[in-house]
Structures are given as structure tokens and as C-alpha cells.
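What follows is a short report on a single structure.
The values are calculated or read from the model by the stated rules, or taken from the named source; none is laboratory data. The structure presented is a predicted model; accordingly, all values stated were derived computationally and were not measured. Using ideal geometry, Cβ is built from the backbone for each residue, glycine included, and neighbour counts are taken over all protein chains shown.
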Amino acid sequence: MISAQYEIEIRRRWASYPNPVSDRLTIELPEEVGSGHLYVLDLNGQLVWEGETTAGQAVQKLDMSAYAAGTYSVEYVPRDNPERRVWTSRVVVVRE
């Protein structure tokens, strides 16, 4: 996982829906944080997508339609992060 390269002191969860997802995933980022990095990792911890967020961007939408069915970890690491926090969410991608 991306968070493994950071010395994490606090791990928090946040809302991501729908779960399971087949196309668009909505992520509600914590309001108290500013800009940062968003990562999607597969079950083996391999990075499959990364992006940046900006301050004030409370909701992020990710297109999951090209992802294989399975479980993914979505991680958010704030840019200014003296508390060494990371937010995580498990998401299941389904295919019909």
C-alpha cells in the first residue's frame, strides 16, 4: 500500500459510495484537510491509479468502469500532514 511508505500514526475511514461499484465511485474527502494525494491500489497493494486533490475539493468522482472485478483500497494522504494521517476505504468493483 502507498501508506506503507509513510510512518502512519492515525488511520481513518471516510465515505465512498456506491459500494459495490460498477462505474462511478464518489468519495467524500474529509473537510478538515487541504490538498493531497489520492491512490487506488489492488488487493496485492499494486498502485492502479493516483491523482491529486486541491483544497476545497470535498467530493471526488473516480471512474472505476475499466477496473477488473475485485477489492480495491482507496487511500488519501494530505500534503501537509504533520500528524501522519491517512484515510482509507475498501471498495468492491463488480462486473455483470
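Residue-level check: of (1) modelled with pLDDT under 80; (2) surrounded by 12 or more Cβ atoms within 10 Å (Cβ to Cβ), P78 misses just (1). Here segment 16-39 is the region considered, the condition is being hydrophobic (A, V, I, L, M, F, W, C) and at pLDDT below 95, and the residue that is farthest from S89 (Cα to Cα) is V33. Condition test on L47, is it over 19 Å from R95 (Cβ atoms) and buried (at least 16 other Cβ atoms within 10 Å of the Cβ)? So L47 fails the test.
Inspect segment 65-72 for any residue being assigned to a strand (DSSP E or B), over 12 Å from the mean Cα position of the chain (by Cα) and at positive phi and give the result as yes or no. Can you show your working first?
If we filter segment 65-72 for residues that are assigned to a strand (DSSP E or B), which is where we start, we get 70-72.
Among the residues that remain, those that are also over 12 Å from the mean Cα position of the chain (by Cα) are: 70-71.
Now narrow it down to the ones that are at positive phi: 70.
Yes, that holds for at least one residue.
Here segment 48-78 is the region considered, the condition is being in contact with an Asp or Glu (Cβ under 7 Å, 6 or more places away or on another chain) and among the hydroxyl-bearing types (S, T, Y), and the residue that is farthest from R24 (Cα to Cα) is Y72. Of all the numbered requirements in (1) under 17 Å from R85 (Cβ atoms); (2) part of a loop (DSSP other than H, G, I, E, B), Y39 misses one, and that requirement is (2).
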